[in-house]
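This report refers to the structure that appears directly beneath it.
The values are calculated or read from the model by the stated rules, or taken from the named source; none is laboratory data. All figures in this text were calculated on a predicted structure; none of them were measured in a lab. Neighbour counts are summed over all protein chains in view; Cβ atoms, including those assigned to glycine, are modelled from backbone coordinates with ideal geometry. Only protein heavy atoms, including side chains, enter the accessible area calculation; ligands, DNA and RNA are left aside. Shrake-Rupley method; radii C 1.70, N 1.55, O 1.52, S 1.80 Å.
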Amino acid sequence: MDVELTTVATEPIEPIESEQTTEEGPPAAVTAETTAVRRVQHVLAAQPVVTVAKGMSKFGDHALGWLAVGAVGAITDRRRRREWVLAAAGVAASHGASIAVKRLVRRNRPGDPGIRVLVDTPSRLSFPSSHATSTTTAAILYGRLLGRGLGPVVVPPMMISRLVLGVHYPSDVLVGSGLGGAVALGVRRYGERRRNRG
């Protein structure tokens with residue numbers, strides 16, 4: 001009788017403990033930022049948004065798309081070629097700055113099982129977002145040359161696209177955009193000083 005009670009007591013306990021371990025593991029790692037990425041994906045991660053986000057990701061990889069825009073500006077706008085070259089150099093500098101910060105901070109990209117990673121990345125480092133950094137710099141510097149406010153048009157979509165694709169946390173894109181703005185401001189001041197001397 002005692003043996004039967006022991007057998008009955010131990011058989012159901014093993015699966016219950018196993019389920020609790022499985023269920024309690026992921027929630028322990030959930031943060032406000034993880035929840036934010038999950039919500040963004042729940043609302044936006046569907047076609048055609050994902051396709052657009054992937055295209056933006058390719059465009060922003062290593063800031064190559066933005067550097068190409070700067071090159072086109074330098075070729076077609078001969079009167080302000082130096083300004084375009086300086087702006088493109090600013091974009092390259094902002095991308096380099098974001099990589100340097102990433103290597104110092106060494107924050108990993110989202111790894112929560114509830115977040116779908118929808119695009120390949122060159123590294124596992126997440127903070128800050130290089131896409132948000134270079135896009136903000138490009139929007140400010142190129143926008144000034146074009147006489148248009150590009151920031152509201154291109155920066156928020158790029159920032160949100162990184163969450164849609166599941167490769168960044170909100171703080172990654174916010175700090176990245178702030179860093180890009182700081183670099184752009186520094187480049188603008190340098191350009192103004194150079195013009196005043198010239």
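Numbers below:
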item: Segment 99-136, residues that are closer than 19 Å to G55 by Cα, buried (at least 21 other Cβ atoms within 10 Å of the Cβ) and of a type in the set (S, T, Y); result: S129, S130, T133, S134, T135, T136
item: Single condition G147 does not satisfy, out of (1) open to solvent by less than 40 Å² (accessible area, probe 1.4 Å); (2) under 30 Å from R78 (Cα atoms); result: (1)
item: Set G60, G25: member being in a helix (DSSP H, G or I) and at pLDDT below 95; result: G25
item: Only listed residue being under 22 Å from A184 (Cβ atoms) and within 15 Å of the chain's Cα centre (by Cα), chosen from I140, I160, I115; result: I160
item: Filter result for V183 (in contact (Cβ under 8 Å) with a residue 60 or more places away in the chain, more than 30 Å from E33 (Cα to Cα), touching a Gly at 6+ places or on another chain (Cβ under 7 Å) and surrounded by 18 or more Cβ atoms within 10 Å (Cβ to Cβ)); result: no
item: Qualifying residue in segment 65-80 (condition: in a helix (DSSP H, G or I), touching a strand residue (DSSP E or B) at 6+ places or on another chain (Cβ under 9 Å) and at pLDDT 95 or above); result: no
item: Residues located in segment 82-98, provided they are farther than 15 Å from G191 by Cβ, of a type outside the set (A, V, I, L, M) and surrounded by 19 or more Cβ atoms within 10 Å (Cβ to Cβ); result: H95, S98
